[in-house]
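The values are calculated or read from the model by the stated rules, or taken from the named source; none is laboratory data. The shown structure was predicted, so the numbers you read here are calculated from the model rather than taken from an experiment. FYI the Cβ positions are ideal-geometry reconstructions off the backbone, even for glycines, and counts take in every protein chain you see.
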Amino acid sequence: MALSDLENRGLIYRKHGKGTYAHGRSTRVHRHIGVLMKSTMAAEHRPITEILRGVQMALVPLRSALLLISTSPEQWRPEKASSLGGVIVLPHDMSVAELEILKARNLPSLIMGESDLPGPHVMFGQREAARRMTEQLLQQGHRQIALLSGFDPCLDEPKRRGVHDALKEAGIDPTQVPEISSHNSEGDIFPAASEVLKLRPRPTAVVAFDDSLASILSFQARRIEGIKIPEEISLVSFHDWPYLNFIEPALHTVRFDFFTAGLKAAEALSQASLTGQPVANLIFQPTYRLGQTIGPVGRSA
């Protein structure tokens with residue numbers, strides 16, 4: 001098992017019938033790994049930062065580098081493309097044609113997160129987690145549900161789909177469920193939270209797409225509007241950030257292992273670059289944390 005792990009990471013190689021060998025330090029074996037994201041703002045969001053940290057951790061022992069790329073593959077110069085051993089793709093604003101360019105250049109790629117784009121994906125389980133969290137609200141009798149989005153387009157979309165899956169199963173038209181967005185801007189979180197609380201009829205439950213959104217909504221509801229949580233509004237969110245673990249009431253949230261996803265994605269692409277073997281989906285399971293912000297409907301909808 002230990003030798004297989006070292007081989008998967010590209011630190012050793014085997015020759016059938018001859019033995020196992022370490023890659024020489026004086027020879028560059030691994031090309032760089034690119035992270036293709038159209039929006040440079042995405043790198044400021046903690047999940048993306050954690051992914052990049054995982055990628056970097058995998059590349060250090062391979063003596064390879066992480067390249068952040070915001071330009072379309074069709075604009076890459078030949079020397080850039082030839083320096084890459086693989087590409088991690090953030091799906092927002094990406095097209096099938098751009099992925100075809102990577103394929104034509106024999107560059108293995110992994111799409112980070114659930115999307116409709118063709119090719120192997122890194123699956124965090126966000127859609128399923130959002131469906132499950134919404135089902136919990138429905139089981140508590142909530143029917144007046146609102147969404148608070150605008151954290152990051154790549155991370156918001158699978159959660160939105162999961163929420164809609166659960167609503168449809170319950171016979172609720174998702175188009176009739178209000179969604180308030182902070183427009184991916186920290187400065188707009190407070191106004192967005194205020195807008196949620198001003199909805200009429202006021203929602204009995206809110207699905208916030210990140211703990212930061214949920215914590216501000218909770219603060220405004222309790223401290224400014226005098227609304228009790230979860231007695232008057234239940235609240236579920238995502239990402240389980242450690243720096244918010246001590247707020248009260250504790251958020252009902254779910255964690256995704258972004259760091260390990262980045263690490264494993266970089267290892268898989270590096271190995272594919274060496275062997276020429278195709279890259280497969282990487283699947284991770286979320287971890288749920290029971291909080292104090294969810295409860296049964298406390299008033300008539």
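Things to note:
- Screening 293, 260 for residues that are of a type in the set (S, T, N, Q) and out of contact with any strand residue (DSSP E or B) (no Cβ under 8 Å at 6 or more places or on another chain) leaves exactly one candidate, 260.
- Residues that are in a helix (DSSP H, G or I), buried (at least 20 other Cβ atoms within 10 Å of the Cβ) and aliphatic (A, V, I, L, M), drawn from the stretch 121-145: 129, 130, 133, 137
- The C-beta contact set for the stretch 55-73 (first residue in contact (Cβ under 8 Å) with a residue 40 or more places away in the chain, second residue surrounded by 12 or more Cβ atoms within 10 Å (Cβ to Cβ) and acidic (Asp, Glu), distance under 7 angstrom, 6+ apart or interchain) comprises 58/267.
- Answer from 131, 143 - the residue that is outside the structural domain of residue 58 (by TED's automatic domain parsing) and under 19 Å from residue 288 (Cβ atoms): 131
- Residue-level analysis places residue 117 among those that are outside the structural domain of residue 251 (by TED's automatic domain parsing), hydrophobic (A, V, I, L, M, F, W, C), in a loop (DSSP other than H, G, I, E, B) and surrounded by fewer than 20 Cβ atoms within 10 Å (Cβ to Cβ).
- Only one entry of 209, 219 meets the criterion of being more than 17 Å from the chain's Cα centre (by Cα), assigned by TED's automatic domain parsing to the domain that holds residue 181 and hydrophobic (A, V, I, L, M, F, W, C), and that entry is 219.
- Every test in (1) crowded, with 17+ Cβ neighbours inside 10 Å; (2) of a type in the set (Asp, Glu); (3) modelled with pLDDT of 95 or more; (4) more than 25 Å from residue 33 (Cα to Cα) is passed by residue 231 save one, and that test is (1).
- Selection from the stretch 146-178 of residues that are among the hydrophobic types (A, V, I, L, M, F, W, C), under 14 Å from the mean Cα position of the chain (by Cα) and outside any helix (DSSP H, G or I): 151
- Scanning the stretch 125-167 for residues that are β-branched (Val, Ile, Thr) and farther than 20 Å from residue 196 by Cα yields a count of 0.
- For the stretch 169-190, the set of residues classified as surrounded by 12 or more Cβ atoms within 10 Å (Cβ to Cβ) and at pLDDT 95 or above consists of 169, 170, 172, 174, 177, 178, 179, 180, 181, listed by residue number.
- Any hit, the stretch 189-198, residues being within 18 Å of residue 141 (Cβ to Cβ), of a type in the set (A, V, I, L, M, F, W, C) and out of contact with any Lys or Arg (no Cβ under 8 Å at 6 or more places or on another chain): no
- Breaking point among (1) more than 25 Å from the chain's Cα centre (by Cα); (2) closer than 30 Å to residue 118 by Cβ, for residue 271: (1)
- Lone unmet requirement of (1) free of Cβ contacts under 8 Å to residues at least 24 places away in the same chain; (2) on the phi < 0 side of the Ramachandran plot for residue 211: (1)
- Summed over the stretch 22-66, residues that are in contact with a helix residue (DSSP H, G or I) (Cβ under 9 Å, 6 or more places away or on another chain), basic (Lys, Arg) and modelled with pLDDT under 95 total 2.
- Any hit, the stretch 257-266, residues being assigned to a loop (DSSP other than H, G, I, E, B) and under 19 Å from residue 49 (Cα atoms): yes
- Any hit, the stretch 45-66, residues being basic (Lys, Arg) and touching a Phe, Trp or Tyr at 6+ places or on another chain (Cβ under 9 Å): yes
- When each of 194, 215 is tested for being part of a helix (DSSP H, G or I), surrounded by fewer than 18 Cβ atoms within 10 Å (Cβ to Cβ) and out of contact with any Pro (no Cβ under 9 Å at 6 or more places or on another chain), the lone residue that passes is 194.
- Test: residue in the stretch 197-210 that is among the aromatic types (Phe, Trp, Tyr) and either at pLDDT below 95 or farther than 20 Å from residue 163 by Cβ (or both): no
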